[in-house]
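Worksheet for the structure shown next.
The values are calculated or read from the model by the stated rules, or taken from the named source; none is laboratory data. Note that the structure is a prediction, hence the values are computed from the model and not measured. Because the Cβ atoms are built from the backbone with ideal geometry, glycine has one as well, and the counts that use them run over all protein chains shown.
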Amino acid sequence: MKALVYEKYAKDNDFASILKLKDIPEPNVKQNEVLFRVKAAALNYDDIWGMRGKPLAVPLPHISGTDAAGEVIAVGENVKNIKVGDRVVSHGNMSCRVCSACTSGREYDCRDRKIWGFETGPLWGGYCEIAHLPEINVIKIPDNVSYDEAAAASMTLLTSWHMLVGRAKIRPGQTVLVMGGSSGVGIFGIQIAKLYGCTVIATASPEKLEKLKELGADYAVDHRKDDWHKEVRAITKEIVKLNGGSPGIDVIFEHIGGSHFNKELTLLKYGSTMVTTGATTGYDAPADLRHIFFKGINILGSTQGTRAELEEGFHWMGQGKIKVIIDSVFTFENAVDAHEKMLNGKGLVGKIILKP
């Protein structure tokens with residue numbers, strides 16, 4: 001079968017020098033596994049990290065791809081709930097399922113947790129014609145959700161759902177600030193907050209602001225301006241005039257970090273919450289601790305989520321309440337172009353799809 005393989009790490013982001021389309025043996029299905037023909041896979045930033053070999057030296061030779069959707073072509077003898085012909089999508093959070101974290105519903109905290117297609121290998125990821133996963137790591141795709149949509153949603157929908165519903169426990173009537181609203185997680189963050197009856201302020205670069213409103217954001221702000229937080233503060237004062245209460249943000253959906261972090265802290269109300277899952281503009285974020293302790297702010301870390309949360313998100317996709325934004329589709333042959341587009345990020349709104 002065909003697969004996208006690299007056998008060494010790229011220097012200076014020269015992905016073309018390492019990423020090759022190769023013939024490798026088809027996998028044999030194990031007793032607890034599902035074998036599926038990949039119809040679509042979606043890029044994530046950990047694909048870039050993998051090819052760099054930083055911050056984690058991934059197993060070599062390597063096949064990336066955490067989000068893959070396809071048709072089941074074989075099942076192991078111990079598989080109970082998936083059958084040949086089912087349409088499935090990956091749940092890339094692989095955990096031991098027997099430790100105290102896993103058995104208490106926190107498989108994302110499992111000390112043996114690995115991200116499929118990033119930390120697994122050699123040669124075990126979704127950028128191939130036929131993929132295999134344990135039954136517990138696939139879920140069925142609703143009939144009215146396409147393979148492309150399912151692949152585009154797998155990791156980012158799960159991450160966003162866990163951030164807002166699992167960790168921040170959003171409630172109707174809250175004001176939610178979604179940073180980086182045009183990103184993979186941001187797109188779902190906006191929609192989940194609206195699903196829960198919240199008022200949403202979302203940020204992005206100026207050319208993407210109208211797209212945020214199309215997704216359901218009530219207000220859109222250019223966070224590249226130095227004083228973007230002042231505009232958000234002014235918006236919260238307008239919201240108070242309409243709905244009452246006190247100005248400020250109840251929940252911040254944060255994943256960009258860097259110089260924005262402290263400005264975000266100034267916007268939070270007393271007793272409010274910031275939930276963070278990344279730092280795409282930098283990990284070394286300055287913070288005035290007075291904003292945290294004096295206002296009793298909750299800062300919550302979040303990563304991945306549970307299989308049950310992914311199924312919840314896909315339920316609402318099946319109901320048409322959560323939609324996927326696909327920026328572009330590439331074939332495996334054009335994978336280098338796809339990765340370079342993701343790295344550049346200019347004009348990118350939504351997910352990039354790869355197809356065998």
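Summary table below
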read-out: Condition check for Lys211: under 20 Å from Thr156 (Cβ atoms), out of contact with any Asp or Glu (no Cβ under 7 Å at 6 or more places or on another chain), surrounded by fewer than 24 Cβ atoms within 10 Å (Cβ to Cβ) and touching a residue at least 60 places away in the same chain (Cβ under 8 Å); value: yes
read-out: Selected residue [within 28 Å of Gly345 (Cα to Cα), of a type in the set (D, E, K, R) and more than 18 Å from the chain's Cα centre (by Cα)] from Glu149, Glu129; value: Glu129
read-out: Residue within region 132-139 that is in contact with a Pro (Cβ under 7 Å, 6 or more places away or on another chain) and either aromatic (Phe, Trp, Tyr) or in contact (Cβ under 8 Å) with a residue 12 or more places away in the chain (or both) present; value: yes
read-out: Residue satisfying all of: in region 103-141; within 21 Å of Lys30 (Cα to Cα) and of a type in the set (Gly, Ala, Ser); modelled with the lowest pLDDT among these; value: Gly121
read-out: Residue satisfying all of: in region 89-147; in contact with a strand residue (DSSP E or B) (Cβ under 6 Å, 6 or more places away or on another chain) and of a type in the set (Asp, Glu); surrounded by the most Cβ atoms within 10 Å (Cβ to Cβ) among these; value: Glu135
read-out: Yes/no for Ala16 being within 21 Å of the chain's Cα centre (by Cα) and not in a loop (DSSP other than H, G, I, E, B); value: no
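For (1) under 17 Å from Leu123 (Cβ atoms); (2) of a type in the set (Gly, Ala, Ser); (3) buried (at least 18 other Cβ atoms within 10 Å of the Cβ), each residue gets a yes or a no:
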residue	(1), (2), (3)
Lys8	yes, no, no
Asn13	no, no, no
Asp23	yes, no, no
Glu33	yes, no, yes
Val38	yes, no, yes
Ala41	yes, yes, yes
Tyr45	no, no, no
Gly50	yes, yes, yes
